[in-house]
């Protein structure tokens, strides 16, 4: 079973916006990318602040976001972020190191599904630079699992 990553709603929106960007960079959504997106959706849950949902909650009750809900979130990101600059602004608001590493690994997984294009590589480089990530550590921990 893949590792489940808990992301806040703003972190999920940043992920969804980046996912739209990465898919658009090569001009089409391929079957391999679709499978990679489904894999990502199975690894993401919303980290809620509701009572009883703290560190002592029953881990078996945590469900992945799921492909349908994740695709809806990607569509919402398209409505919320009018352009790539707006996505990048949202991305810069992600402060948690664990969230940054997870998001990068998820975006890399989708980009690598068909081989990373020059445009996708530029976006990955931008994330690495602005989030001050150690790419080899992130790739070893997330993208290869």
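Remark on the stretch 1-45: Rg and Dmax equal 11.3, 31 Å (Cα only). Spacing of the modelled spin labels on residue 132 and residue 32, each 7 Å from Cα toward Cβ, amounts to 3.5 nm.
Every number in this text was worked out from the coordinates using simple rules, so none of it is lab data. Computed from a predicted model, the values in this text were never measured in an experiment. Note that we place each Cβ from the backbone using ideal geometry, even for glycine, and neighbour counts take in every protein chain shown.
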